[in-house]
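The values are calculated or read from the model by the stated rules, or taken from the named source; none is laboratory data. This one's a predicted model, so the numbers in the text were calculated from it and none came from an experiment. Methodologically, a virtual Cβ is constructed for each residue, glycine included, from the backbone with ideal geometry; neighbour enumeration extends over all protein chains shown.
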Amino acid sequence: MDTPFDPEVLLAELTLEEKASLCLGSDLWHTAAVPRLKIPAVMVSDGPHGLRRQPEDAEHINSGSLPATCFPTAGALGSSWNPELVRRIGMALGAEARAQGVAVVLGPGINIKRSPLCGRNFEYYSEDPLLAGVLGEALVSGLQSQGVGASVKHFAANNQETDRLRVSADVDERTLREIYLPAFERVVTDARPWTIMCAYNKINGEYASQHRWLLTEVLRDEWGFDGLVVSDWGAVHDRVAALAAGLDLEMPPNLGVSDAAIIAAIRNGTLAEDVLDQTVLRVLRLVQRASTTFADHPVEFDFNDHHALARAAAAECAVLLRNDGELLPLSPAAGDVLAVIGMFARSPRFQGAGSSQVNPTRVDVALEELRAAVPAGVEVAFAVGYGIGATDVDEDLAAEAVALASRADVVILFLGLPPADESEGLDRGHVDLPANQTALVARLAAANPRLVAVLATGSAVRLSTWEHHARTILVCGLGGQAAGGAIADLLLGAANPSGRLAETFAVRLEDNPSHLNFPGEQGHVRYGEGVFVGYRGFDALDRPVSYPFGHGLSYTRFEYADLVVAVDRHAGDGELTVTVNCVVANIGERTGSEVVQLYVGDPESSVSRPVRELKAFTKVSLEAGAAETVTFYLDARDLSYWSVPHHGWVLEAGSFDIAVGASSRDLRLTTTINVTAPPVPVRLDAMASLHEWLVDPAGSAALREAIGTHPDGRPRGILGDAHLMSIIGNFPISSLAAFGDLGIDHTTVTELSRRLAR
Ligand code: BGC
């Protein structure tokens, strides 16, 4: 019988050269093996909206991959707001990965959509960290339940493609803590991913691959991450510095260079052997996890089932932005003509380009699916309408489409970005659909106002220049290989739209909070909007948007009632718990799902905070006439901000706005709660201002006693002059001491600072 695989025992037997070899892969997709000790290599492959497993004889990193189910991209799945659905996709992905001998799938990408221009937005879930974290957690736990590891990427602040291997994302700590890190924190603490992939870029001047604060202090020491950190492909520049910072596995391997550098650093004492040993142990534990979980799980799945899941998922991701006069769903009868226009109806656009590109097992074509689904006698006629990749209007194609629209009962126009606009490696330069498509919308609407626009884009586009020509807009994202079937289901009412926007659709690109600081220049991108990313910024600036974060219609209607909010415990007498209850009812004619969203605002905060932030959500499915009570729980963290001086989350006492609604700008039920909390400690020293001393109960008492009162009881010095206090109360008390006649002298300052030092 083979001896069990024991990382600790193996570590003791490895030579220095073998240890160094394990810190690098052996090729593009494998870790290194040590045959002498029977340590096998394990395989990693891209994903995660499907598996991109390259065959062993692949020519290069971008050549083809084996067939796999192409599920909706993360950008589309973000709009589902349904972690259960995402978990099921993770499980299906895990089964396909195991069948192909893949130990780790390189995903999900959970970076925040900071700008609509980011070329990889279709690979990311949302502009909101809660939504990105909940869906990322679901994918990872589904995947790992099948014995396949995840690689949550790209850690961290990787929010653009421009200069992606070198640019420094200059982000203040509060913004990192509140916006760019929480999704990773949630996935790490709740789903315990096997691996994390570091980003290419620098963060505040240091490469993510060499960022000790990020890879060790935050990830491991604070969040308790016990897995392995892998580099993004080619992200390591100084292997020894990366190792010391906490990066375990370099991919692809810089063979002969990185291993030699590690060996030299150990020999000359610049790298402690214990640091190398910890890294090697983490690599061995990954190999152990991969080998043991593979051994015990027979893989059984059916590609047809996965295709059906992909179809149901694509239907859940679609967002019905508008539906004037309830044009959808269609119920065509014999003799009706449906005019299907646009190349994307026949050549579907369902995923983006780059390392996530999947070779689908099959592809549903919307035109064919519609033809198969309509009742007998309904004509589903097609016109190409426009050329893909072109921007000029092709008069012949346009005229043919207009002629078809004129004789049809309804026009279904498929629009989308050309594939070259949405790819890893490139950011977009604008947010417009090609001009030949938008020009066609106007002409078709003039011929037939009953116009439905079906949009395939992986990220937000500008609608404001043409949307008034469409009665109905259905945004399908990049919905995977079964999107065509899902679109037919949605148009004909076999499925009811239940997607909600996971990112704001701005009126203009220039309105986006990140606009002045994207994509940066001369090696730096300043995250100047701070925590005001996406709707947080639009709301703070009170800017109109085309469609807000969280928006999406249904073929039925929902009513909200009976908001009850209870503050069960206050900070100070234990953990804070706020319970929020409301009743949601389906008051329409059809079964449908509503995404109930809970937003919190802190209008009295001492720091600048968003007007409202998503703190909880749930998706409820209700039959016509049914109602359900929805309950949310909030804790102290949900009401807190990250305080840099306090190195932690700070809850300030006072009132908080609680709002429940159907989008960030459709708040149906609102109330205010009062929360008591201990005063936020202020460092009381000579440089603390008079105001800061007075706000603190102990500081105020000590200062008032030291300054004293007149015989009639009035406070002496500056404390007796409210006007003066309003003008120079923000001076440090040591500066006030220099004025002589304000009742504060240097002896008092020294004495009080000593007494109240914390
Ligand atoms: C991408 C990663 C991907 C890796 C391997 C990199 O260029 O940024 O997301 O997993 O390549 O293909």
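Please go through segment 101-118 and give me each residue that is surrounded by fewer than 24 Cβ atoms within 10 Å (Cβ to Cβ) and either in contact with a Gly (Cβ under 9 Å, 6 or more places away or on another chain) or not small (Gly, Ala, Ser) (or both), ordered by number. Write out each step before concluding.
If we filter segment 101-118 for residues that are surrounded by fewer than 24 Cβ atoms within 10 Å (Cβ to Cβ), which is where we start, we get 101.
Result: no residue meets the conditions.
Would you be able to tell me the number of residues in segment 1-26 that are at pLDDT 95 or above, assigned to a loop (DSSP other than H, G, I, E, B) and surrounded by 15 or more Cβ atoms within 10 Å (Cβ to Cβ)?
Within segment 1-26, the first condition is being at pLDDT 95 or above, and the residues that meet it are 6-26.
From what's left, assigned to a loop (DSSP other than H, G, I, E, B): 6, 14-15, 23, 26.
Filter once more, so that each one left must be surrounded by 15 or more Cβ atoms within 10 Å (Cβ to Cβ): 14, 23, 26.
Of the residues in segment 1-26, 3 are at pLDDT 95 or above, assigned to a loop (DSSP other than H, G, I, E, B) and surrounded by 15 or more Cβ atoms within 10 Å (Cβ to Cβ).
Residues of segment 230-262 being without any contact (Cβ under 8 Å) to a residue 60 or more places away in the chain, β-branched (Val, Ile, Thr) and within 16 Å of the ligand (Cβ to nearest atom), which ones?
Selection gives 236 alone.
Mind listing whichever residues of segment 364-386 are under 17 Å from residue 416 (Cα atoms), in contact with a Pro (Cβ under 9 Å, 6 or more places away or on another chain) and surrounded by fewer than 22 Cβ atoms within 10 Å (Cβ to Cβ)?
If the condition is that a residue be under 17 Å from residue 416 (Cα atoms), in contact with a Pro (Cβ under 9 Å, 6 or more places away or on another chain) and surrounded by fewer than 22 Cβ atoms within 10 Å (Cβ to Cβ), then 365 is the only one that fits.
Specify which of the listed residues (338, 330) is of a type in the set (A, V, I, L, M, F, W, C), assigned to a strand (DSSP E or B) and more than 31 Å from the chain's Cα centre (by Cα). Give the derivation first.
On the way: 330 fails: assigned to a strand (DSSP E or B).
Going through 338, 330 in turn, the sole match is 338.
Quickly run through segment 115-128 and pick out the residues that are touching a Lys or Arg at 6+ places or on another chain (Cβ under 8 Å) and within 12 Å of the ligand (Cβ to nearest atom).
Result: 119, 124.
Which of the numbered conditions does residue 652 fail, given that it passes all the others? Conditions: (1) surrounded by fewer than 20 Cβ atoms within 10 Å (Cβ to Cβ); (2) at negative phi; (3) not in a strand (DSSP E or B).
Here residue 652 clears every test but (1).
May I ask you to list the residues in segment 223-250 that are more than 15 Å from residue 154 (Cα to Cα) and of a type in the set (A, V, I, L, M, F, W, C)?
Answer for segment 223-250, where residues must be more than 15 Å from residue 154 (Cα to Cα) and of a type in the set (A, V, I, L, M, F, W, C): 223, 225, 240, 241, 242, 243, 244, 245.
Hey, could you check segment 101-114 for residues that are over 12 Å from the mean Cα position of the chain (by Cα) and not hydrophobic (A, V, I, L, M, F, W, C) and say which is farthest from the ligand (Cβ to nearest atom)?
First, the residues of segment 101-114 that are over 12 Å from the mean Cα position of the chain (by Cα): 101-107.
Then keep just the ones that are not hydrophobic (A, V, I, L, M, F, W, C); that gives 101, 107.
On the way: 101: 17, 107: 7 Å.
By that ranking, first place goes to 101.
Can you find even one residue in segment 66-84 that is more than 30 Å from residue 504 (Cα to Cα) and assigned to a loop (DSSP other than H, G, I, E, B)? Steps first, please.
Step one: list which residues in segment 66-84 are more than 30 Å from residue 504 (Cα to Cα), which gives 66-68.
In the following step, the residues that additionally are assigned to a loop (DSSP other than H, G, I, E, B) were identified as 66.
Yes.
It is to be established whether one or more residues within segment 403-410 are assigned to a strand (DSSP E or B) and under 29 Å from the mean Cα position of the chain (by Cα).
Within segment 403-410, not a single residue is assigned to a strand (DSSP E or B) and under 29 Å from the mean Cα position of the chain (by Cα).
So residue 742 fits all but one of (1) over 52 Å from the mean Cα position of the chain (by Cα); (2) of a type in the set (A, V, I, L, M); (3) farther than 17 Å from residue 687 by Cβ; what number is the exception?
(3)
So, in segment 119-128, of the ones that are part of a loop (DSSP other than H, G, I, E, B) and touching a Ser or Thr at 6+ places or on another chain (Cβ under 7 Å), which residue ends up surrounded by the fewest Cβ atoms within 10 Å (Cβ to Cβ)?
119
Quick one: which of 41, 95 is over 30 Å from residue 599 (Cβ atoms), more than 15 Å from the ligand (Cβ to nearest atom) and in a loop (DSSP other than H, G, I, E, B)? Can you show your working first?
On the way: 95 fails: in a loop (DSSP other than H, G, I, E, B).
That would be 41, the only listed residue that is over 30 Å from residue 599 (Cβ atoms), more than 15 Å from the ligand (Cβ to nearest atom) and in a loop (DSSP other than H, G, I, E, B).
Restricting the search to segment 153-163, which residues are within 13 Å of the ligand (Cβ to nearest atom) and either part of a helix (DSSP H, G or I) or in contact with a Pro (Cβ under 7 Å, 6 or more places away or on another chain) (or both)?
The answer is 160, and nothing else.
Give me a count of the residues in segment 418-430 that are in contact with a helix residue (DSSP H, G or I) (Cβ under 9 Å, 6 or more places away or on another chain) and of a type in the set (A, V, I, L, M, F, W, C).
Total satisfying the criteria: 1.
So which residues in segment 280-321 are of a type in the set (Asp, Glu), part of a helix (DSSP H, G or I) and at pLDDT below 95, if there are any at all?
Residues of segment 280-321 of a type in the set (Asp, Glu): 296, 300, 302, 305, 316.
Now restrict to residues that are part of a helix (DSSP H, G or I): 296, 305, 316.
Once the filter is applied, which keeps residues that are of a type in the set (Asp, Glu), part of a helix (DSSP H, G or I) and at pLDDT below 95, segment 280-321 yields only 296.
Please work out which residue is surrounded by the fewest Cβ atoms within 10 Å (Cβ to Cβ), limiting yourself to segment 575-613 and to residues that are under 21 Å from residue 178 (Cβ atoms) and small (Gly, Ala, Ser).
Here the answer is 608.
Could you please find all residues in segment 188-198 being without any contact (Cβ under 8 Å) to a residue 60 or more places away in the chain and within 15 Å of the ligand (Cβ to nearest atom)?
Start the filter on segment 188-198 by keeping residues that are without any contact (Cβ under 8 Å) to a residue 60 or more places away in the chain, which leaves 188-193, 196, 198.
Passing the criteria: 193, 196, 198.
Restricted to segment 199-213, and to residues that are more than 12 Å from residue 238 (Cα to Cα) and outside any helix (DSSP H, G or I), which residue is nearest to the ligand (Cβ to nearest atom)?
Going residue by residue through segment 199-213, those that are more than 12 Å from residue 238 (Cα to Cα) are 199-205, 212-213.
From the residues that got through so far, the ones that are outside any helix (DSSP H, G or I) too are 199-205.
Values: 199: 8, 200: 7, 201: 11, 202: 15, 203: 16, 204: 20, 205: 21 Å.
If we take residues in segment 199-213 being more than 12 Å from residue 238 (Cα to Cα) and outside any helix (DSSP H, G or I), then 200 is nearest to the ligand (Cβ to nearest atom).
Give the number of residues within segment 668-706 that are buried (at least 18 other Cβ atoms within 10 Å of the Cβ), among the β-branched types (Val, Ile, Thr) and either part of a helix (DSSP H, G or I) or over 48 Å from the mean Cα position of the chain (by Cα) (or both).
Going through segment 668-706 one residue at a time, the tally reaches 0.
Look through 73, 31, 69, 15 and report the one residue that is under 32 Å from the mean Cα position of the chain (by Cα) and under 23 Å from residue 271 (Cβ atoms).
Values: 73 fails: under 23 Å from residue 271 (Cβ atoms); 69 fails: under 23 Å from residue 271 (Cβ atoms); 15 fails: under 32 Å from the mean Cα position of the chain (by Cα).
Only one candidate qualifies: 31.
Within segment 412-461, work out how many residues are within 24 Å of residue 544 (Cα to Cα), under 21 Å from the mean Cα position of the chain (by Cα) and of a type in the set (D, E, K, R).
Number of matching residues: 1.
Here are the criteria: (1) within 14 Å of the ligand (Cβ to nearest atom); (2) over 19 Å from residue 117 (Cα atoms); (3) not β-branched (Val, Ile, Thr). Tell me which single one residue 174 does not satisfy.
So the condition that residue 174 fails would be (1).
Considering segment 617-648 alone, what residues qualify as being free of Cβ contacts under 8 Å to residues at least 24 places away in the same chain and not β-branched (Val, Ile, Thr)?
Filtering segment 617-648 down to residues free of Cβ contacts under 8 Å to residues at least 24 places away in the same chain leaves 618, 637, 640, 647-648.
Selection gives 637, 640, 647, 648.
So which pairs qualify, if the first residue must be in segment 301-314 and touching a residue at least 40 places away in the same chain (Cβ under 8 Å) and buried (at least 16 other Cβ atoms within 10 Å of the Cβ), the second must be assigned to a helix (DSSP H, G or I) and basic (Lys, Arg), the Cβ gap must be under 7 Å, and the two must be at least 6 apart or on different chains?
Listed by first residue and then by second, the contacts come to 309/88.
Is it true that residue 132 is in contact with a helix residue (DSSP H, G or I) (Cβ under 6 Å, 6 or more places away or on another chain), of a type in the set (A, V, I, L, M) and assigned to a loop (DSSP other than H, G, I, E, B)? Give the steps one after another, and end with the answer.
Working: in contact with a helix residue (DSSP H, G or I) (Cβ under 6 Å, 6 or more places away or on another chain): yes; of a type in the set (A, V, I, L, M): yes; assigned to a loop (DSSP other than H, G, I, E, B): no.
No; evaluated as a whole, the condition is false for this residue.
I need the full set of residues from segment 558-574 which are surrounded by fewer than 16 Cβ atoms within 10 Å (Cβ to Cβ) and of a type outside the set (A, V, I, L, M, F, W, C), in order please.
559, 562, 568, 569, 572, 573, 574
When you scan segment 129-152, how many residues do you find that are surrounded by fewer than 24 Cβ atoms within 10 Å (Cβ to Cβ), under 16 Å from the mean Cα position of the chain (by Cα) and either among the hydroxyl-bearing types (Ser, Thr, Tyr) or within 13 Å of the ligand (Cβ to nearest atom) (or both)?
Qualifying residue count for the region: 0.
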